[in-house]
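First up is the structure itself, then whatever we jot down about it.
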Amino acid sequence: MADVLANAIARLFGVAMVALAILVTVETLARKFIGLSFQGVDELGGYTLAVTSSLAFTLALIDRAHIRIDLLHNMLPGFLQRVLNWLSIVLLAAFALLLAWTGWLTLDETIEFRSTAPTPWATPLVWPQSAWFFGLLLFAASCLVALLDASRLFFFGNSRELARRYGPKAVEEEMDEELADLRRR
């Protein structure tokens, strides 16, 4: 299930970024050669970045790609490694809930005041902010599911599986993934 979600997010992210790149290129060329500007391309770019980055948080969680400073992690005793692996997902879930909560406050205020973008399009901000908030909610929900799973593994003493799912990736693991990806291409 997580792989299906990760693939869907990655494809959506890729399509959105390629479409935005094409639009920016066409707009730049039109401005340069025929003096025509498509008003709002930068606005659309901001919305695209906000929505895709909120979705990318979930993708990074699924792929264990969030940055962790693991300089000393492998030198610590097993119990301490297990505590840090569990604590990392606890803190990530707390951060995800904070993001979702502040996202809701922003969206709620936008709805209350019927805010629009101060641009030529005057976009009702409820639409892009709703998509952004959905991405934050997806991240928070994914973190809570991961927290429940990590807590089960932590409290029932399954250190190996906790490290495999929620610990930092070892250099060998990252190299194996890169080589597998290279073979697929």
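The values are calculated or read from the model by the stated rules, or taken from the named source; none is laboratory data. None of these values were measured; they are calculated from a predicted model. FYI the Cβ positions are ideal-geometry reconstructions off the backbone, even for glycines, and counts take in every protein chain you see. Quick note on the areas: whole protein, heavy atoms, side chains included, nothing else; ligands and nucleic acids left out. Shrake-Rupley method; radii C 1.70, N 1.55, O 1.52, S 1.80 Å.
Let me confirm something: among Arg160, Arg114, which residue is out of contact with any strand residue (DSSP E or B) (no Cβ under 6 Å at 6 or more places or on another chain), more than 30 Å from Glu43 (Cα to Cα), open to solvent by 70 Å² or more (accessible area, probe 1.4 Å) and basic (Lys, Arg)? I'd like the intermediate steps shown before the answer.
On the way: Arg114 fails: more than 30 Å from Glu43 (Cα to Cα).
Only one candidate passes the filter, namely Arg160.
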Conditions (1) of a type in the set (Gly, Ala, Ser); (2) at pLDDT 95 or above; (3) in contact with a strand residue (DSSP E or B) (Cβ under 9 Å, 6 or more places away or on another chain) -> Ala140 fails only (3)
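For the subset of segment 1-36 comprising residues that are part of a loop (DSSP other than H, G, I, E, B) and among the aliphatic types (A, V, I, L, M), which member is farthest from Ala117 (Cα to Cα)?
At the first step, the residues of segment 1-36 found to be part of a loop (DSSP other than H, G, I, E, B) are 1, 35-36.
If we keep only those that are among the aliphatic types (A, V, I, L, M) too, we end up with 1, 36.
Numbers: Met1: 37, Leu36: 22 Å.
Here the answer is Met1.
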Out of Trp104, Trp132, which single residue is under 20 Å from Asp42 (Cβ atoms) and assigned to a helix (DSSP H, G or I)?
-> Trp132
When you go through (1) open to solvent by less than 60 Å² (accessible area, probe 1.4 Å); (2) in contact with a Ser or Thr (Cβ under 8 Å, 6 or more places away or on another chain); (3) not β-branched (Val, Ile, Thr) one by one for Ala50, which number turns out not to apply?
-> (2)
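Within the bounds of segment 37-47, is there any residue that is part of a helix (DSSP H, G or I) and acidic (Asp, Glu)? Before you say what the answer is, go through the steps one by one.
Just the residues of segment 37-47 that are part of a helix (DSSP H, G or I), to begin with: 41-47.
Then drop every residue that is not acidic (Asp, Glu), which leaves 42-43.
Checked against the condition, which is being part of a helix (DSSP H, G or I) and acidic (Asp, Glu), segment 37-47 yields at least one hit.
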Could you grab me the full set of residues in segment 65-87 that are hydrophobic (A, V, I, L, M, F, W, C), open to solvent by 70 Å² or more (accessible area, probe 1.4 Å) and part of a loop (DSSP other than H, G, I, E, B)?
-> Ile67, Ile69, Leu71, Leu72
Determine whether Thr123 is buried (at least 16 other Cβ atoms within 10 Å of the Cβ), more than 16 Å from Ser88 (Cβ to Cβ) and either touching a Pro at 6+ places or on another chain (Cβ under 7 Å) or of a type in the set (Val, Ile, Thr) (or both).
-> yes
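For Arg152, indicate whether it is more than 26 Å from Trp101 (Cα to Cα) and open to solvent by 80 Å² or more (accessible area, probe 1.4 Å). It would help to see each step written out before you state the result.
Working: more than 26 Å from Trp101 (Cα to Cα): no; open to solvent by 80 Å² or more (accessible area, probe 1.4 Å): yes.
No.
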Hits in segment 149-163 (condition: over 14 Å from Ile89 (Cβ atoms) and part of a helix (DSSP H, G or I)) | Ser159, Arg160
Is it the case that some residue within segment 26-44 is surrounded by 12 or more Cβ atoms within 10 Å (Cβ to Cβ), touching a Ser or Thr at 6+ places or on another chain (Cβ under 7 Å) and closer than 21 Å to Asp149 by Cα?
-> no
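Does Ala146 fit the bill of being part of a helix (DSSP H, G or I) and either open to solvent by less than 50 Å² (accessible area, probe 1.4 Å) or under 24 Å from Val18 (Cβ atoms) (or both)? Working first, answer last.
Numbers: part of a helix (DSSP H, G or I): yes; either open to solvent by less than 50 Å² (accessible area, probe 1.4 Å) or under 24 Å from Val18 (Cβ atoms) (or both): yes.
So Ala146 passes the test.
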